[in-house]
1. Restrict the search to segment B:143-230; then list the GluC sites (Glu not before Pro) that DSSP places in a loop and that have at most 13 other Cβ atoms within 10 Å of their Cβ.
2. Could you rank the peptides B:154-161, A:225-232 by their average count of other C-beta atoms within 10 Å per residue, with the highest value first?
3. Just report the Cα centroid separation between segment A:119-144 and segment A:245-286, whole Å.
4. What order do you get for B:735-741, B:351-357 when each peptide is scored by the mean count of other beta carbon atoms within 10 Å, highest first?
5. Name the residues whose placed amide hydrogens come within less than 5 Å of the amide hydrogen of A:Thr159, ignoring near sequence neighbours (fewer than 5 apart) on the same chain.
6. Nearest 0.05, what FRET efficiency do B:Glu148 and B:Leu100 give at R0 = 22 Å with Cβ-Cβ as r?
7. Below 14 angstrom from the Cβ of A:Glu16, what's the summed charge of the other residues (Lys, Arg +1; Asp, Glu -1)?
8. Assuming R0 = 22 Å, can you tell me the calculated FRET efficiency for the pair B:Glu646 and B:Gln443, based on Cβ-Cβ distance, to the nearest 0.05?
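Taken together, the values in this text are just the output of simple stated rules run on the coordinates, not laboratory data. Because the structure is predicted, anything quoted here is derived from the model rather than measured. Quick reminder, even Gly has a Cβ in these numbers, built from the backbone with ideal geometry, and neighbours come from all protein chains shown.
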Amino acid sequence: MIPAPFQYHTPKTVEEALRLLERHGDEAKLLAGGHSLLPLMKLRLAAPRYVIDIGRLKTLGGIREVRGKIAIGALTTHAEIEASDLVRRHCPLLAETAGEIGDAQVRNRGTVGGSLAHADPAADYPAAILALDAEIVAASKSGHRTIPAAEFFVDMLTTKLRPGEILTEVRVAPMSAKTGTAYMKLPQPASGFALVGVAVRLAISRAGKVDDVRVGITGVGLKAYRATAVENALRGNPAEDKMFAEAASFAAQGIEPLSDLHASAAYRKEMAAVFTRRALHRALGRARGKAD
Amino acid sequence: MAAGVGTAAPKGHIGRAMKRKEDPRLIQGLGRYVEDIALPGMVYAGIVRSPHAHAKIRSIDTSKAQTAPGVVAVLTGEDIRGAIAPVPCAIQMPDLKMALRPVLATDRVRCVGEGVAVVVGSDKYAVRDALDLIEVDYAPLPAVVDPEKAISKGASVIHSQHKDNVAYKWELEGGDLKKAFAQADKVIRQRMINQRLIPVPMETRGVVAEYRAGEKKLTVWSATQIPHLLRTQLAAMLGAPEHSVQVIAPEVGGGFGSKLNVYAEEALVAHLAMRLAKPVKWIESRRENFQATIHGRDQIVDAEVAVKNDGTLLGLRCRVIADLGAYFQLLTPLVPTLTGLMIAGCYKIPAVRVEITGVFTNKMATDAYRGAGRPEATYIIERVLDLVAAELKKDPAEVRRKNFPKPKEFPYAAPTGLVYDSADYQTSLDTALKLANYPKLRQEQDRLRKKGRYMGIGLSTYVEVCGMGPSSAMPAGGWESGTVRVEPTGKVTVLTGSSPHGQGQETTFAQIAAEMLGLDPEDVNVLHGDTTAVPYGIGTFGSRATAVGGTAMYLSLVKVRDKLSQMAGHILAEDPKKMVFEGGKVYSKSAPKKSLDFAAVVGAAYTAKTLPAGMEPGVEATTFFEPSNFVFPFGAHICVVEVDAETGDVRLQKYVAVDDCGNVINPLLVDGQIHGGIVQSVGQAMFEEAVYDEQGQLITGELMDYAIPRAADLPRIQTARTVTPSPVNPMGVKGVGEAGTIGSTPAIVNAVVDALAPFGVRHVDMPVKRERIWRLIRQAREGR
């Protein structure tokens, strides 16, 4: 790869990275695992003058429990999330989603923070992050703030992150009892990105009704979204396939689906419904402790 | 295991599943590709390419690039005018309108990726940056993308020296077509498309050139399949005497036909090396490879078949529109004619007629891509057979059986004019049906259909033409050279005009030589690809290396063994005709205890103290083998798929391939070629499609958008063989490099159509993409 010339910085601390980011502003790009930025730089679609490599900042890595939540450092790779016992036990949806990303090489290098901050409309994590009601932690020179997942994705390749902020962590509440989750996707055959990706978190009552449900959908629109129409149609109703099929038909309600070489808008819309229904079905099975 | 072949391990080296000699160096990263070549003082070249499919060049401003750091030279088409001839096309046909690609465009560009300027710099980074500094002022012209629109009235003419975009018309007729259609109970018509494909070898192209002025010697390293032909063509393009040009094909990382060519960059880099008196390197990027290396297929066929109600084929008529792209490469106009020649497949069709229209469009040239014309033909005829079966409500196996020529009819003269060498199609199909447990598959299909699941079973019985070929049919000759040189210590060097680039002839040729001389394959070294070391050869393509190049070597081995028999007989005072070569020894059948070391016999021929009367010293022989005919491998493939009716997703469940490539030198490598060939056609059947938009932009311009198959997309491939030796060469071998690709696309598509039969679907075009299938199902459901 031969990108346009750039100046390369390797800050030793988050504070130093923030200072560099402030100094270089729009002309700087943060580099973590490199799996979003470098392909763009290779094609010279991105040509930042300054690349600030935060990939070696140890404080941004690791998965731990903090005050009852699972805190995942921004530099945690997809492979680490996929393999983490803590994640698999408490938020298996995130581990399952991580395992669906790209190929082994991508999962070994790509990071959760990098993927979320890039906000590719076909990335896998956003669906799960939305279904999990995760929190995204951003650091700036003025301190830290927490952004709810539901507010984080603003538009194609655009998030709530402000200039000068670094995404440092993702926090997820552990899954409660009688809850099942599932991520199911229709991959684009060349890139492996999601043409449609649906993440479901489904809690059922003793009576077999939908107590609570979250549906995050990626790949369909300009940004990942919560399918609230699906959620509303399900909440309080019996958790069964007929109900799921009806509710899933609202999967792309209010969304203008993308249309490209690999899937037309009509096909994406229909697949959003199909994969929502399938993910609900799978999540239900898991909530009941059944094998897939 | 193969029918017709015993399961016992062979005693000798031929037929043994030996691991490849090439692999240890390749898997350790010790292969030496063009990119690995570094010469003192070497500079790097990069090419400014047209972003437009069709445009006039108003001006090119190179001034900023000229003064950029590290830049050694910037040249445009004007700067090399007259110095380099256009890219050659080797094909001559009546009324063929030539359209040769200039090495760099001067006044007009006719496809995206066409070169307009070259930058040479001290390192590749400086070159890449300087490319962005060259300003080309283009006046865009309407792009001609759709080949049918290209030949309709009012289309913009791509080459102004011609009156329209028709490059040629070619016709083939055999038998009485009128009578066939008059006698038909039914006539079935279908349009079928072999979409445009990008070859995607693992290694892109690359060239290094060095000119040593003192010796007046130009050396060109290129990732090519045809080093000798390239040398001849380079000499012509550059106006250099051929004996001063050396071409070396070092390790080459796959070609699939895309490196069976002569490219603008090969001549340009060589010219730069002479002009600048510095070694020059150019390595193609993947995006360049997609835009500027040949594409394959791209044929639209309207087929009409005349049949009797019992399934007997009477006649086949095909009108083919072949999209040739903007310029010819080496064999561009030839490829569609191969489709015509093989259109009858392995069936007795009394009358055929093929009408081909070759068309210019504003796209990269199409040319030979794995199978080159034969996958297209096989796809058409095998789809036709299934259409016939569906129309007559017969089993596709039964319709095939009805129309096979019988084994005793071989050599079989097809209505297309070719004479098929040897075959037993019936046994091949029966073997495949048995292996796949065909009746049980049909039962399973019924069972699943009742449950609303859509399983499909697809058959393909193919024949292909390879071992290219008799010289009468080949533009540069169809023979091959093979030299066997036994070194004074008894080690063997084989020099072959074949130019393997992944096929494994360093192994199989060593097996043949070891068998013939009673040695170990490790005692044999197979050299290829260096025009200074190896006698003139034709190269590796058209599944010809073993059938033609292997035979040349085999005939040289016979000569060498005869000479060493004479030598040994002389020393042992035994009859030379009774000599046995075994385990590194030479002895007479009549006196096996009185043996000589192979090396001692060879040594005696070199020291030349006691040669038999009239014998020359040394142990070396060269043969130029001219085959009397092509060879015709064949086989039967069965594919099982399941279609997800909600998403249109096609899953391959099972694949059975019974192939017959005559006698087998190394079953492991034959299986490898079959596996690879099938996977490549899974690509065409299910995923791959080079898409140009209406402006002629290649929108599948990289691997993020051009899908190729992956391991997870594939079922286990079950291979088996029948063995029908070819009478065309003494080893009885046929080719196997393309057979897998040729035989399998119709098996996959036939399976998909079979799966969709409950929806009334009779045809689906490749690639069988999910959305395409989903739409067919939706249309069927809405139609009800």
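1. On the way: sites: B:Glu148, B:Glu171, B:Glu173, B:Glu203, B:Glu210, B:Glu215; in loops: B:Glu203, B:Glu215.
Filter output for segment B:143-230: B:Glu215.
2. Working: B:154-161: 13.5, A:225-232: 20.5.
Ranked from most to least packed, the peptides come out as A:225-232, B:154-161.
3. 22 Å
4. Details: B:735-741: 28.9, B:351-357: 22.1.
Highest mean packing first, the order is B:735-741, B:351-357.
5. Correct list: A:Val154.
6. Values: r = 25 Å, r/R0 = 1.12.
Calculated value: 0.35.
7. On the way: positive: A:Lys12, A:Arg19, A:Arg23, A:Arg56, A:Lys58, A:Lys141; negative: A:Glu15, A:Glu22, A:Asp53.
Value of the local net charge: +3.
8. Details: r = 25 Å, r/R0 = 1.13.
It comes out at approximately 0.35.
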